Amino acid sequence: MSAPVRFGVLGTGYWARTCHGTALQEHPDVELVGFHGRDLAKARAAADEYGGSGFDDLDAFLDAVDAVTIALPPDVQAPLAAAAARRGRHLLLEKPLSFDLAAADDVVAATRETGVASITYLTYLFQPDITDWLARMRELADEHGPWEGGVFRWAGSIDTPGNPYGDSPWRRASLGSWDTGPHALSIVHELFGPVSRVAAGRGVRDAVTVSLEHANGAGTQLSLTLTAPPGTGGSSATVWGPGGRHELPRFHGTPQEGLRRAVDRLRAAAETGVADPLDVTAARAVVAVLAAVEEHLARPDHATAVRAQP
Ligand SMILES: NC(=O)c1ccc[n+]([C@@H]2O[C@H](COP(=O)([O-])OP(=O)(O)OC[C@H]3O[C@@H](n4cnc5c(N)ncnc54)[C@H](OP(=O)(O)O)[C@@H]3O)[C@@H](O)[C@H]2O)c1
């Protein structure tokens with residue numbers, strides 16, 4: 001197969017334009033065909049700013065592209081991704097793939113039916129500061145033994161005036177784990193491997209704390225929210241094991257640079273037929289953990305009450 005050249009963006013929101021639009025516009029090897037949205041005026045406005053045409057007809061949009069990049073709410077992304085894959089279009093997916101494991105499984109099935117390539121844009125994993133650090137952590141684990149534990153805090157502050165996600169309905173309606181969890185889990189999965197069991201508790205507003213048991217015996221913890229009080233957001237991670245205790249570094253690149261790398265990896269996977277390690281199955285693995293967290297929180301007996309003094 002040849003590498004896809006004609007790319008189109010599904011979505012016309014903030015991230016679709018500022019990250020996907022900018023990255024595709026600047027990519028030297030691809031053509032930005034345009035944007036698809038349910039509101040044609042918004043799709044045309046995005047195309048006027050970044051390139052290509054505006055579409056509200058999905059069939060016409062899919063006819064015009066070799067690959068789609070998707071920047072839509074999770075419940076909208078998954079069925080459109082499955083439809084695009086069944087039309088033979090390669091997929092660049094956002095996080096989280098879906099809110100629902102069955103919907104994520106259907107996207108996996110669609111890619112298998114048609115053999116299209118896919119890549120999941122887990123931002124941190126496309127930044128050299130982070131991938132170099134992960135490579136060093138892997139070397140240390142090879143030398144000294146596997147990582148044993150980690151604490152991951154991911155906190156957004158969407159109530160800060162001017163935050164571009166402050167009016168996002170799906171972020172307001174869901175637990176903070178759905179937006180920030182994929183970032184934390186992207187690092188967790190790289191260093192600790194698959195998660196076998198979870199337990200979770202609620203904090204204020206959308207906050208969730210999660211304990212993860214990994215298939216290899218390690219245990220990690222996540223603290224996730226999108227509504228940290230202004231000035232208190234940010235991400236941090238500490239991991240430890242026989243190779244020492246280490247802090248996740250900051251990255252200095254831009255999300256647009258990262259997305260261009262994701263486009264390159266999608267094109268390589270399509271051309272070679274070799275699945276990328278961050279294909280749709282990586283997106284599905286993240287949804288599986290986050291869905292298990294929701295399931296745990298929904299259990300009436302999910303927490304053991306601490307007895308108050310009589
Ligand atoms: N990797 C990262 O660091 C990062 C950062 C930011 C965002 N993201 C991801 O990017 C994606 C987009 O995020 P966002 O905040 O820009 O936007 P969003 O709020 O998730 O989505 C906005 C877009 O979705 C469309 N939309 C909403 N409901 C729809 C529906 N029922 N049917 C069809 N279209 C619908 C909106 O169209 P209308 O304008 O017509 O409502 C708009 O084009 C999300 O998956 C998010 O997690 C990732």
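The numbers here are math on the coordinates, done by the rules we state, and not lab data. None of the values given here were measured: they were computed from a predicted structure. Cβ sites come from the backbone with ideal geometry, for glycine too, and all protein chains shown count toward neighbours.
Structure notes:
- For the stretch 287-295, Karplus couplings with θ = phi - 60° (6.51, -1.76, 1.60), whole Hz, Gly/Pro x: 4, 4, 5, 5, 5, 5, 4, 4, 4
- Close amide H partners of GLU31, meaning residues 5 or more places away or on another chain with modelled amide H under 5 Å apart, are ARG6, PHE7.
- Relative contact order (%) - the chain, alpha-carbon pairs under 8 angstrom, separation at least six: 21 percent
- For the chain, the C-alpha radius of gyration divided by 2.2 N^0.38 Å, with N the number of residues, is 1.01.
- Per residue, the convex hull spanned by the Cα atoms of the stretch 128-252 amounts to 106 cubic angstrom.
- Extension gain, LEU58 to GLN221: 0.36 nm times the residue separation minus the Cα-Cα distance gives 54.6 nm.
- Volume per residue of the convex hull around the Cα atoms, evaluated for the stretch 92-190, comes out as 153 Å³.
- Net charge of neighbours whose Cβ lies under 15 Å from the Cβ of ARG299, counting Lys and Arg as +1 and Asp and Glu as -1: -1
- 14 Å beta-carbon shell around ALA23, net charge (K/R +1, D/E -1): -2
- Net length available on complete extension from VAL76 to GLU247 is 58.0 nm, with 0.36 nm assigned per residue and the Cα-Cα distance removed.
- Among 268-275, 50-57, sorting by the average number of other beta carbon atoms lying within 10 angstrom of each residue, highest first, gives 50-57, 268-275.
- Only Cα sites of the stretch 195-249 enter the Debye sum here, all with the same form factor; the resulting log10 I(q)/I(0) across q = 0.22 1/Å is -0.98, listed in q order.
- Sorted peptide list for 78-89, 188-199, 296-307, criterion being average Cβ within 10 angstrom, highest first: 78-89, 188-199, 296-307
- The stretch 269-304 and the stretch 190-232 have Cα centres separated by 13 Å.
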